[in-house]
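Here is the structure we will look at, set down as structure tokens.
The values are calculated or read from the model by the stated rules, or taken from the named source; none is laboratory data. What you see is a predicted model; the values in this text were computed from it and never measured. Positions of Cβ are generated from backbone atoms using ideal geometry, with glycine treated the same way; all protein chains shown enter the neighbour counts. The area values use the complete protein model at the heavy-atom level, side chains included, leaving out ligands, DNA and RNA. Shrake-Rupley method; radii C 1.70, N 1.55, O 1.52, S 1.80 Å.
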Protein chains: 2
Amino acid sequence: DEERSSDQVCTDPYASDPPRHPALQINSQKPFNAEPPLELLGESYITPNPLFFTRNHLPVPTIDPATYHLQVEGPPGGQTLSLSLDDLRRFPKHQVTVTLQCAGNRRSEMAQVKSVKGLNWGAGAISTAQWGGARLRDVLIQAGHSPSGSEAHVCFEGLDSDPTGTAYGASIPLARAMDPEGDVLLAYEMNGQPLPPDHGFPLRVVVPGVVGARQVKWLGKVSISPEESPSHWQRRDYKGFCPSVDWDKVDFDSAPAIQELPVQSVITEPREGQTIEPGEVTVKGYAWSGGGRAIIRVDVSLDGGLTWQEAKLEGEAQAPRRAWAWRLWQLTAPVPTDWKELNIICKAVDDGYNVQPDTVAPIWNLRGVLTNSWHRVHVQVAP
Amino acid sequence: DEERSSDQVCTDPYASDPPRHPALQINSQKPFNAEPPLELLGESYITPNPLFFTRNHLPVPTIDPATYHLQVEGPPGGQTLSLSLDDLRRFPKHQVTVTLQCAGNRRSEMAQVKSVKGLNWGAGAISTAQWGGARLRDVLIQAGHSPSGSEAHVCFEGLDSDPTGTAYGASIPLARAMDPEGDVLLAYEMNGQPLPPDHGFPLRVVVPGVVGARQVKWLGKVSISPEESPSHWQRRDYKGFCPSVDWDKVDFDSAPAIQELPVQSVITEPREGQTIEPGEVTVKGYAWSGGGRAIIRVDVSLDGGLTWQEAKLEGEAQAPRRAWAWRLWQLTAPVPTDWKELNIICKAVDDGYNVQPDTVAPIWNLRGVLTNSWHRVHVQVAP
Ligand SMILES: [Mo]
Ligand SMILES: [Mo]
């Protein structure tokens, strides 16, 4: 009918998306996906809210905080809690500094091996903030769930949805949610401010040590299930496969959903293709690992991996088992006078002594996720 | 005096070491260090006791089980528990299947890059047994320690000692010992038998997911300390460093003691240099990761890493967070008729999506520990 077709023509579901910082490098406008330039990202331990990488799967929903309620399903036979923002603020407030990384961070490097399906992220799909909110554990216990749960999953549904009404969804193991040292939050603050619209206003999940895709924004509903979330993004996306597996033969049920991410590091300065001054070079970057594993060392090579030097880790040593945030690092080293170019590489080691693989081709996968091979930057030395 | 000098000449501290299985490949006779041949190791999920790799730092002590007592220090101001074997058997008995790996497993591959200090282990310094005993947690609580401990360490002392009386020692974080899901044992059984003399009779520590060096055998004493064990092996050994660090500039305090080990896999069949029949090849091996991380995939290449196939994991899927034992795996694949040789490689992925590095030189370290690069076997194809 006429009214309906007029709706289809005139209504842009992204029309109420918020304004964004002009420095962001946009990978997709609708839905909005963007990353900060590396030179800004590597500048500060805490990423300013306007520069925090944004990974939206759907339009940003407009939510009235005055009427917002989170639905938390109780155990079988129990009741559903309906919590306003004021109700959530009455739980003990926890503040945790956590690095979030998209599974697709550095996908553009993997795509150079062989094409992959996904947004063409550079190395900036990672950022760090101090998040404030209620512990998910506390809210689940309030809803009647036992803290010593079985092998169940906590399922999250966002209030963002596609034209058919399907909401974004994901899940994490209940054991992680209930771990008193797991620091899983229902966050209403990001760096001391209410969550910005692009980052889940008024409430999102923050799951330290875990891939961004599980940290559902604009959170509408929480429930416990013996199975993982049935959502596309939990079951048919965000999984890793053998390089031989392509779209003609992929079996998504054969691989586990990504939760913890492997050890990662990236050079944020100098930039690829730059010409540096002779004499000495300063190399800067970030390093992070999933599962609360601390970064214990970053090795840097200026000669394509023949020799290595240890970078200086900035900031404080990280708490064991709860190293949720990245370490920034730097190395200043002399450049031999006869070198015309540098092939700079970084690689990090976490406290399980996990290391990054040398090259990207052997970890290639059809969705282009989990790129954590050595990061390489080639620069010229000015004469 | 005469008696003393006669002692020095005539008394071999290794004289009472036990007999060993003739199939073991001996890296050092005194102290005894030996590994099973890979073709036997890859044969069974549970390693038979006589074939379990043996890593002794000192002579095997002779201990009378009838008079043996374990000393467990209480908290400050508390008493020391002195527990006989019967006392230990009165705690609830736990049985856990755990793979133990020496930090030096595969050191011989690292030594080919540049010489390292340590026993020349092949890829057999790893084995799997079902261990039975009391939970360390239960014993510590009995001794008066709080299960919700601070950032302290559990220190272990062996009853093996050097001529100056210094005992083998090591420590683990108290949080791991107290974790009800950590499964740390004071084990008196190995595959249903009393511990053999080479494996710690009558009592040893078993710390699932952690390097062998912390799993103190012939256990004499347990204590809690705000600091790690002061032993040489905790403070001045069993740590990883940047490849640029050699003995002239190593600072052992700069690196954390190895606890959890990174993801590992090895080809046990065919063997290096073997000639295989044409037609098809069966590749077998083991894969394991530290920290209870499960093996989710093993990729095998027959062409030096250009293409990969997924191996079949044997046995059952592993419990999340408590995947303490290895997975054996195999792949049977056709060999193209015009191939005269195979460059076989394996690499494993754990459930944190950690992977093995491509090559060994960039993870070289002066003690030759933590070799977990891709395992490679070169074979000829019979005409
Ligand atoms: Mo993501
Ligand atoms: Mo070891």
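Of the residues making up the range B:227-243, just one is open to solvent by 10 Å² or more (accessible area, probe 1.4 Å), more than 15 Å from B:LEU58 (Cα to Cα) and part of a helix (DSSP H, G or I), namely B:ARG235.
Selection within the range A:67-87: residues that are open to solvent by 20 Å² or more (accessible area, probe 1.4 Å), in a loop (DSSP other than H, G, I, E, B) and over 15 Å from A:LEU159 (Cβ atoms). The member of this set that is farthest from ligand 1 (Cβ to nearest atom) is A:GLY77.
Out of curiosity, is A:PRO208 in contact with a helix residue (DSSP H, G or I) (Cβ under 7 Å, 6 or more places away or on another chain) and either assigned to a helix (DSSP H, G or I) or crowded, with 17+ Cβ neighbours inside 10 Å (or both)? No, not satisfied. Is it true that some residue in the range B:115-123 is without any contact (Cβ under 8 Å) to a residue 12 or more places away in the chain and more than 14 Å from chain A (Cβ to nearest Cβ)? Checked against the condition, which is being without any contact (Cβ under 8 Å) to a residue 12 or more places away in the chain and more than 14 Å from chain A (Cβ to nearest Cβ), the range B:115-123 yields at least one hit.
Looking at the structure I just gave you, is B:VAL381 more than 9 Å from chain A (Cβ to nearest Cβ) and either in contact with a Cys (Cβ under 6 Å, 6 or more places away or on another chain) or within 16 Å of ligand 1 (Cβ to nearest atom) (or both)?
Numbers: more than 9 Å from chain A (Cβ to nearest Cβ): yes; either in contact with a Cys (Cβ under 6 Å, 6 or more places away or on another chain) or within 16 Å of ligand 1 (Cβ to nearest atom) (or both): no.
No.
Please determine, by comparing only the residues of the range A:209-244 that are of a type outside the set (A, V, I, L, M, F, W, C) and within 11 Å of ligand 1 (Cβ to nearest atom), which one is farthest from A:LEU370 (Cα to Cα).
Of all residues in the range A:209-244, those of a type outside the set (A, V, I, L, M, F, W, C) come to A:209, A:212, A:214-215, A:217, A:220-221, A:223, A:225-232, A:234-240, A:243-244.
Then drop every residue that is not within 11 Å of ligand 1 (Cβ to nearest atom), which leaves A:212, A:214-215, A:237-238.
Working: A:GLY212: 12, A:ARG214: 15, A:GLN215: 17, A:ASP237: 12, A:TYR238: 9 Å.
Going through the qualifying residues, I end up with A:GLN215.
Quick check on my filter: what residues within the range A:141-175 are within 14 Å of chain B (Cβ to nearest Cβ) and surrounded by fewer than 18 Cβ atoms within 10 Å (Cβ to Cβ)? Answer for the range A:141-175, where residues must be within 14 Å of chain B (Cβ to nearest Cβ) and surrounded by fewer than 18 Cβ atoms within 10 Å (Cβ to Cβ): A:PRO147, A:SER148, A:GLY149, A:SER150, A:GLU151. Screening B:TYR188 with (1) more than 16 Å from ligand 2 (Cβ to nearest atom); (2) free of Cβ contacts under 8 Å to residues at least 60 places away in the same chain; (3) hydroxyl-bearing (Ser, Thr, Tyr) gives one miss only, at (2). B:THR307 satisfies every condition listed in (1) modelled with pLDDT of 95 or more; (2) on the phi > 0 side of the Ramachandran plot; (3) surrounded by fewer than 19 Cβ atoms within 10 Å (Cβ to Cβ) except (2). Within the range A:125-140, the residues that satisfy the criterion of being open to solvent by less than 40 Å² (accessible area, probe 1.4 Å) and either away from ligand 1 (no atom under 13 Å from the Cβ) or aliphatic (A, V, I, L, M) (or both) are A:ALA125, A:ILE126, A:THR128, A:ALA129, A:TRP131, A:GLY132, A:GLY133, A:ALA134, A:LEU136, A:ASP138, A:VAL139, A:LEU140. Would you be able to say whether some residue in the range B:347-360 is at pLDDT 95 or above, surrounded by fewer than 18 Cβ atoms within 10 Å (Cβ to Cβ) and away from ligand 1 (no atom under 16 Å from the Cβ)? Yes, the range B:347-360 has at least one match.
For the range A:285-353, the strands (runs of 3 or more DSSP E) that sit wholly inside it and include 3 or more residues that are away from chain B (no Cβ under 11 Å) and under 21 Å from the mean Cα position of the chain (by Cα) are A:327-334. If the condition is being closer than 16 Å to A:THR128 by Cβ, open to solvent by 30 Å² or more (accessible area, probe 1.4 Å) and not charged (D, E, K, R), then the range A:20-48 contributes A:LEU40, A:SER44, A:TYR45, A:ILE46, A:PRO48.
Being open to solvent by 10 Å² or more (accessible area, probe 1.4 Å), assigned to a loop (DSSP other than H, G, I, E, B), in contact with a Gly (Cβ under 6 Å, 6 or more places away or on another chain) and away from ligand 2 (no atom under 16 Å from the Cβ): is that true of A:LYS217 here? For A:LYS217, the condition - open to solvent by 10 Å² or more (accessible area, probe 1.4 Å), assigned to a loop (DSSP other than H, G, I, E, B), in contact with a Gly (Cβ under 6 Å, 6 or more places away or on another chain) and away from ligand 2 (no atom under 16 Å from the Cβ) - is met. If only residues of the range A:196-205 that are closer than 19 Å to A:ASP86 by Cα and within 14 Å of ligand 1 (Cβ to nearest atom) are counted, the one that is farthest from the other protein chains (Cβ to nearest Cβ) is A:GLY200.
Conditions tested, residue by residue: (1) closer than 30 Å to B:PRO180 by Cβ; (2) of a type in the set (D, E, K, R); (3) modelled with pLDDT under 95; (4) within 16 Å of ligand 2 (Cβ to nearest atom).
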| site | (1), (2), (3), (4) |
| --- | --- |
| A:TYR168 | no, no, no, no |
| A:LEU174 | yes, no, no, no |
| A:PRO180 | yes, no, yes, no |
| A:SER225 | yes, no, no, no |
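For the range A:88-139, filtered to residues that are among the polar types (S, T, N, Q) and assigned to a loop (DSSP other than H, G, I, E, B), the residue that is nearest to ligand 2 (Cβ to nearest atom) is A:ASN105. The residues of the range A:244-257 that are away from chain B (no Cβ under 14 Å) and either open to solvent by less than 50 Å² (accessible area, probe 1.4 Å) or touching a residue at least 24 places away in the same chain (Cβ under 8 Å) (or both) amount to a single one, A:TRP247. Looking only at the range A:258-282, filter to residues that are in a strand (DSSP E or B) and open to solvent by less than 10 Å² (accessible area, probe 1.4 Å); which one of those is nearest to the other protein chains (Cβ to nearest Cβ)? It comes out as A:GLN264.
With respect to the conditions (1) in a loop (DSSP other than H, G, I, E, B); (2) farther than 24 Å from B:VAL298 by Cα, A:ILE224 lacks only one, and its number is (1).
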